[in-house]
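A.B. asks: Please find one structure pasted underneath; my questions will follow.
The values are calculated or read from the model by the stated rules, or taken from the named source; none is laboratory data. The structure presented is a predicted model; accordingly, all values stated were derived computationally and were not measured. Cβ: placed from backbone, ideal geometry, glycine included. Neighbour counts: every protein chain shown. Note: areas computed on protein heavy atoms with side chains; ligands, DNA, RNA excluded. Shrake-Rupley method; radii C 1.70, N 1.55, O 1.52, S 1.80 Å.
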Amino acid sequence: MDSRQGSHAAPVLNKAVPVRHPGRWISAVVILGALALFLQSLVTNPNFRWDVVGAYILDTKVVQGVAWTLVLTVASMVLAIILAILLAFMRQSENPVFRWSSWVWVWFFRGTPVYTQLIFWGLIAVLYPKISAGVPFGPELFSVDTSTVVTATVAAILGLGLNESAYLAEIFRAGLSSVDRGQMEAAEALGMGKTKIMWRIILPQAMRVIVPPTGNETIGMLKTTSLVLAVPFTLDLTFATNALANRTYLPVPLLIVAAIWYLVITSLLMVGQHFIEAYYGKGVDNRAPAINPAAAKAAAAGAPSADAEPALKMEFPGEDSK
Amino acid sequence: MTVTTEKPLVQIEGLHKYYGDHHVLRGIDLAVNQGEVSVVIGPSGSGKSTMLRCVNLLETISAGRISVGGELIGYREVKGRLHDLKAKEIAAQRREIGMVFQRFNLFPHKTALQNIMEAPVQVKGQSKAAARKRALELLDRVGLGDRAGHYPSQLSGGQQQRVAIARALAMDPELMLFDEPTSALDPELVGDVLNVMKDLAKSGMTMIVVTHEIGFAREVGDRLTFMDGGVVVESGDPREVLANPQHPRTKEFLSRVL
């Protein structure tokens, strides 16, 4: 087998009888059987009322609910991400006031239930009937009624976004500290300023660590929007389908309608996350190594370890001395 | 830049460094003239890397003065009192000083070309076209003209280090610092990096090189400094120091590495 010993003839490839896996066949039969029973029940059980699901899946109220749920999810996540970047940078700051304020923010918004916070934002007009700007204890420059500024939509976005910012701040902090210290030093040695180093060198690398849990949080947020009736905000998908269910006395098919829409949106979000991960993984994940054809052939032909150890050998043909 | 032969480009005087109670540098004096290659050797833990990192303020200076091009590094002296420089002023000083790290520290999310263009465009405000042209020239100079679009993960260690040298050169520094540039490389890749450094030395670049490559010191160095225990033990012409070390600690160290 040792090629250095000079046989140029192609080796005779081993043809071994593979190990049998009866367990796989048994488990497949059991699971497929269970699945078949479940699918049969979906079709035959009249209580599912698929006709009602079909009638309401594209109902105006439902589609509007989907749109509002998306608006709440996107708006509160954008708000949360902006705040989280700020909080994470503040947490790393040399300014102790920034570090401390960031810590307190996370402590407060992570430490109280989002439901409570949503009710609170709904009641903000009771607490502060007017929002005014002016000199403290001095003249007032302008003043507006709180209820005209903090509408139910704004209250819902603030409640969801501020709460989420605390969680994302921790994710961003972990991401920033995952970047090798040498990256900061290299950028500093080039004379780059702190802000540029953060935005151009550290954050793009941290994104590899930040994106997967943030995708998780976004999908979580999609479903957390169903809590906005605490504000009360009454246009989101869960509220819309519940209202229809109460009117028609048919809760099950309308829950199915809601579930289908949540699954569709989640699936779309997962696709988006895949592309964002690919973008920030460039240079690290997509090594695109030049596969050594000889090694690949040998590995494919050879031992069962070919699966465990893909032949991703990198070649450095340019390592020529000048 | 005007060549002033009287005053050294780099002047380190009475440099001390503490990490807490740990006294790492115990009074270092070192002068490097314009165009000189100053090689620093010594056992690990002798403080040679720390000294180098003080020159561009990657470490704070506990005591003593460092000046580059007649300008005090890290401080402003007003009426005999030192004032810390602002972050912006420190960044401006670092622009004049290129640094090459043991672990390369290329930006992994940028290609070789983007690594080199980053600082000229972002810090010096060069146009992308001009920075790109210069970066390609530098890549050619370090023998990697065909690797512009490669990410660091697609390059070998020796290639990465040569890109790192090109990245530092793109800022047109008046001084280059090398912190054990070949220590993390496989032996067969060391030669390429040393060749680039030799070319750089021949072109008249002022360099401080912390290294274990005694051959490089002998061939290229204008001055060799041996450090141990946070002090300069011996310093002089590399060929003389290597052939005829005066201090017993230098003799012992050289006998182990040669």
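A.B. asks: Enter the mean number of other protein chain beta carbons within 10 Å of the beta carbon of each residue in B:98-111, as an integer.
C.D. replies: What the average comes to for B:98-111 is 5.
A.B. asks: Where does the charge balance sit around B:A170 when Lys and Arg score +1, Asp and Glu -1, over other residues with C-beta under 12 Å from its C-beta?
C.D. replies: +4
A.B. asks: Debye calculation, C-alpha points only, no solvent: report log10 I(q)/I(0) for region B:64-115 at q = 0.14, 0.28, 0.31 Å⁻¹, in the same order as the q values.
C.D. replies: One equal scatterer on each Cα of region B:64-115 leads to -0.53, -1.12, -1.22.
A.B. asks: Where is the GNM fluctuation largest for chain B (alpha-carbon springs, 10 angstrom cutoff): B:G125, B:G236, B:G80?
C.D. replies: Its mean-square fluctuation being the largest, the pick is B:G80.
A.B. asks: Still on this structure, please answer the following. Please give the average number of partner chain Cβ atoms lying within 10 Å of the Cβ of each residue in B:150-158, rounded to a whole number.
C.D. replies: For peptide B:150-158, the averaged partner shielding equals 5.
A.B. asks: Can you run phi through the Karplus equation (6.51, -1.76, 1.60; θ = phi - 60°) for region A:257-265 and list ³J(HN,Hα) in whole Hz, with x for Gly and Pro?
C.D. replies: Values, residue by residue: 4, 4, 4, 4, 5, 4, 5, 4, 5 Hz.
A.B. asks: With springs only between Cα atoms under 10 Å, which of A:N242, A:N95, A:N14 fluctuates most in a Gaussian network model of chain A?
C.D. replies: A:N14
A.B. asks: Taking chymotrypsin sites (Phe, Trp or Tyr not before Pro) as exposed when DSSP calls them loop (any state but H, G, I, E, B) and at most 10 other Cβ atoms lie within 10 Å, what is the longest stretch of chain A free of them, the sites themselves excluded?
C.D. replies: Free of exposed loop sites, the longest segment is A:1-136.
A.B. asks: For region A:205-258 and region B:1-61, what is the separation of their Cα centres, given in Å?
C.D. replies: If we compute the Cα centre of each part, the gap is 61 Å.
A.B. asks: Quickly work out the B:H23-to-A:E94 label distance, labels modelled 7 Å from Cα along the C-beta direction, and quote it in nm with one decimal.
C.D. replies: 2.7
A.B. asks: For the protein assembly as shown, compute the orientation-averaged projected area of the C-alpha convex hull (one quarter of its surface), in nm².
C.D. replies: For the Cα atoms of the protein assembly as shown, the hull's average projected area reads 42.7 nm².
A.B. asks: Let me confirm one metric for peptide A:268-278, namely the mean number of other chain beta-carbon atoms within 10 Å of its residues' beta-carbons.
C.D. replies: Average neighbour count from other chains, rounded to a whole number: 0.
A.B. asks: Then there is this: How many angstrom lie between the C-alpha centres of region B:107-181 and region A:130-144?
C.D. replies: Value for the Cα centre distance between the two parts: 55 Å.
A.B. asks: Using the Karplus curve 6.51 cos²θ - 1.76 cosθ + 1.60 with θ = phi - 60°, what ³J(HN,Hα) values do you get for each residue of region B:60-68, in whole Hz, with x for Gly and Pro?
C.D. replies: 6, 9, 6, 8, x, 10, 10, 10, 10
A.B. asks: Here's a follow-up. Compute the signed sum of charges (Lys and Arg +1, Asp and Glu -1) over the other residues within less than 14 Å, Cβ to Cβ, of B:A217.
C.D. replies: Result for the neighbourhood of B:A217: -3.
A.B. asks: Further question on the same structure: In a shell of Cβ-Cβ distance under 15 Å around A:T60, excluding A:T60 itself, what net charge do Lys and Arg (+1) and Asp and Glu (-1) give?
C.D. replies: Result for the neighbourhood of A:T60: 0.
A.B. asks: For B:V257, what accessible area in Å² do you get when you roll a 1.4 Å probe over the heavy atoms of the protein chains, rounding to the nearest 10?
C.D. replies: 70
A.B. asks: Next question. Given H placed 1.01 Å from N in the peptide plane, which residues other than close sequence neighbours of B:V24 have an amide H under 5 Å from its amide H?
C.D. replies: Under 5 Å from the amide H of B:V24: B:K17, B:Y18, B:Y19.
A.B. asks: Skipping prolines and chain starts, which residues have an amide H placed within reach, meaning under 5 Å, of the one on B:G64, given they are 5 or more residues away or on another chain?
C.D. replies: B:H16
A.B. asks: Using amide H atoms built in the peptide plane, which far-off residues or other-chain residues are under 5 Å from B:V232 H to H?
C.D. replies: B:D29
A.B. asks: Another question, then. List the GluC sites (Glu not before Pro) in region B:51-95 that DSSP assigns to loop (not H, G, I, E or B) and whose Cβ has at most 11 other Cβ atoms within 10 Å. Which are they?
C.D. replies: none
A.B. asks: Rounded to whole Hz and in sequence order, give me ³J(HN,Hα) for region A:126-142 from the Karplus expression 6.51 cos²θ - 1.76 cosθ + 1.60, θ = phi - 60°, writing x for Gly and Pro.
C.D. replies: Coupling constants for region A:126-142: 6, 6, 10, x, 10, 9, 10, 10, x, 7, x, 6, x, x, 9, 8, 8 Hz.
A.B. asks: Any idea what the alpha-carbon Rg over 2.2 N^0.38 Å comes to for chain B?
C.D. replies: 1.01
A.B. asks: Whole number in Å², please: accessible area per residue of chain B, 1.4 Å probe, ligands, DNA and RNA not counted.
C.D. replies: With the other protein chains kept in place, chain B gives 43 Å² per residue.
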